[in-house]
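The values are calculated or read from the model by the stated rules, or taken from the named source; none is laboratory data. Nothing here was measured: the structure is a model prediction, and the numbers come from that model. A quick note on method: Cβ atoms are made from the backbone with ideal geometry, for glycine too, and the neighbour counts reach across all protein chains shown.
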Ligand code: PLI
């Protein structure tokens, strides 16, 4: 009998492996204490399956590695820069390229060039480094994502969408002249890797063009967003990921990019622009913070690997397997009854810590606690995406995000389906003993982006 399914499989085979250290429960307990119950402070060698992030953790292809040997390490005018520039023009359709060492380098430059003190910067939910750079430039961030994004159980297919009524309210209140651009993330990381629809982008474009407001993408996971448009949005089923990526960019004025996600490299990023004036200033500023405008903090070989990775990232078979693996893990977790953000997003599974540990108040850091417990069980490293990540407002008060999540982020082309089974089973064991779990107190808090370095103790 024919099977009643059409499974995905990886469009590559494995040529080299990296051996992992297996740890005992005792060793993990000690490692976690030493790390102040913060998974960011664990040593990587004490981790079995590392789901801290999909950033810079992907496996490069043989073509990318051979591209590294083509590095033209000239200080100025490296041929790899021109290859990257052509790739950005071909794939994304933007005219001008400013390379940076990674995404936040581009965010810094864009924010300094475009935001004046007192400006309003709307965005579809926040990302930690993006919002901080907007604030450091004197901007005031406002969340304009649809309400569904703040509800982990809502099955709305495009939870990354912008609510135009929220944008209109800001325009009414502050005037369009105080809004230098709307920052649109595709996909929205902290909402659970949720996509923006093409229809929403088109509508936003029509509205903002009328008001003279620009749109800047956070295009870090744009190929993943394109996959969801292909799968879920009417009229896109027969388009390629590459075509959809190009169309998304066509409704915007530029974007910041962390090459460490979609583009399958361990380091790299850029700012891409269509306006000459903004480009001219950004190209001048990059020499202050990153490096000359034809390398922006990267080696020639890094730019080459990123150019090749960008082209690989928009291959349909790659994206089907990439998101297929995330979906597989999500479905295993759901089968165990573990509460996760739905729909399942692009780059990982986001476990709802408020539902998992309803007895722990948000001030006792349920998601931070859960990430620590997950590590203790089998050495799987995840990340808090809740009150610790949200940080404090300018007046010192804590942000209290609706979503209190633990992110199980899947690096690209790194782990197998068997790893996914182990992850789901380990999480199920922690779920089984959830009632015994107690919260944490923060005993050290750094000033900026506290989630990276904060330390905790068990209550
Ligand atoms: O880590 P960078 O500086 O290359 O990129 C910053 C950045 C910008 N936007 C978005 C949506 C991100 O997800 C992002 C970085 N994300 C990390 C490190 C993550 O673990 O999700």
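Is at least one residue of the range 249-272 within 21 Å of the chain's Cα centre (by Cα), under 24 Å from residue 200 (Cβ atoms), assigned to a helix (DSSP H, G or I) and touching a residue at least 24 places away in the same chain (Cβ under 8 Å)? Checked the range 249-272: at least one residue is within 21 Å of the chain's Cα centre (by Cα), under 24 Å from residue 200 (Cβ atoms), assigned to a helix (DSSP H, G or I) and touching a residue at least 24 places away in the same chain (Cβ under 8 Å). Counting the residues of the range 84-113 that are surrounded by fewer than 22 Cβ atoms within 10 Å (Cβ to Cβ), touching a residue at least 40 places away in the same chain (Cβ under 8 Å) and in contact with a strand residue (DSSP E or B) (Cβ under 6 Å, 6 or more places away or on another chain) gives 1. Residues in the range 204-227 that are closer than 14 Å to residue 345 by Cβ and over 15 Å from the mean Cα position of the chain (by Cα): 227 only. Cβ-Cβ contacts under 8 Å between residues 6 or more apart (or on different chains), taken from a first residue in the range 148-171 that is farther than 17 Å from residue 402 by Cβ to a second residue that is surrounded by fewer than 16 Cβ atoms within 10 Å (Cβ to Cβ), are listed as 157/232; 158/232; 164/203; 171/211.
In the range 18-43, the residue that is surrounded by the most Cβ atoms within 10 Å (Cβ to Cβ) out of those that are within 16 Å of the ligand (Cβ to nearest atom) and farther than 17 Å from residue 423 by Cβ is 38. If the condition is being away from the ligand (no atom under 16 Å from the Cβ) and under 25 Å from the mean Cα position of the chain (by Cα), then the range 426-450 contributes 426, 427, 445, 446, 447.
For the range 45-57, enumerate the residues that are within 12 Å of the ligand (Cβ to nearest atom) and touching a helix residue (DSSP H, G or I) at 6+ places or on another chain (Cβ under 8 Å). Correct list: 50, 51, 52. Test residue 286 against the stated conditions and say whether it is away from the ligand (no atom under 16 Å from the Cβ) and either under 27 Å from residue 413 (Cα atoms) or at pLDDT 95 or above (or both). Spelling it out, it is not the case that residue 286 is away from the ligand (no atom under 16 Å from the Cβ) and either under 27 Å from residue 413 (Cα atoms) or at pLDDT 95 or above (or both). Take residue 116 and tell me if it is on the phi < 0 side of the Ramachandran plot, within 16 Å of the ligand (Cβ to nearest atom), in a loop (DSSP other than H, G, I, E, B) and in contact (Cβ under 8 Å) with a residue 60 or more places away in the chain. No, not satisfied.
Being more than 23 Å from residue 224 (Cα to Cα), within 16 Å of the ligand (Cβ to nearest atom) and crowded, with 20+ Cβ neighbours inside 10 Å is a property that holds for residue 388. Selection within the range 62-86: residues that are touching a helix residue (DSSP H, G or I) at 6+ places or on another chain (Cβ under 6 Å) and in a loop (DSSP other than H, G, I, E, B). The member of this set that is nearest to residue 12 (Cα to Cα) is 70.
Of all the residues in the range 410-459, those that are surrounded by 13 or more Cβ atoms within 10 Å (Cβ to Cβ) and part of a helix (DSSP H, G or I) number 18.
Candidates are the residues of the range 402-414 that are within 16 Å of the ligand (Cβ to nearest atom) and in contact with a helix residue (DSSP H, G or I) (Cβ under 8 Å, 6 or more places away or on another chain); the one that is farthest from residue 152 (Cα to Cα) is 412.
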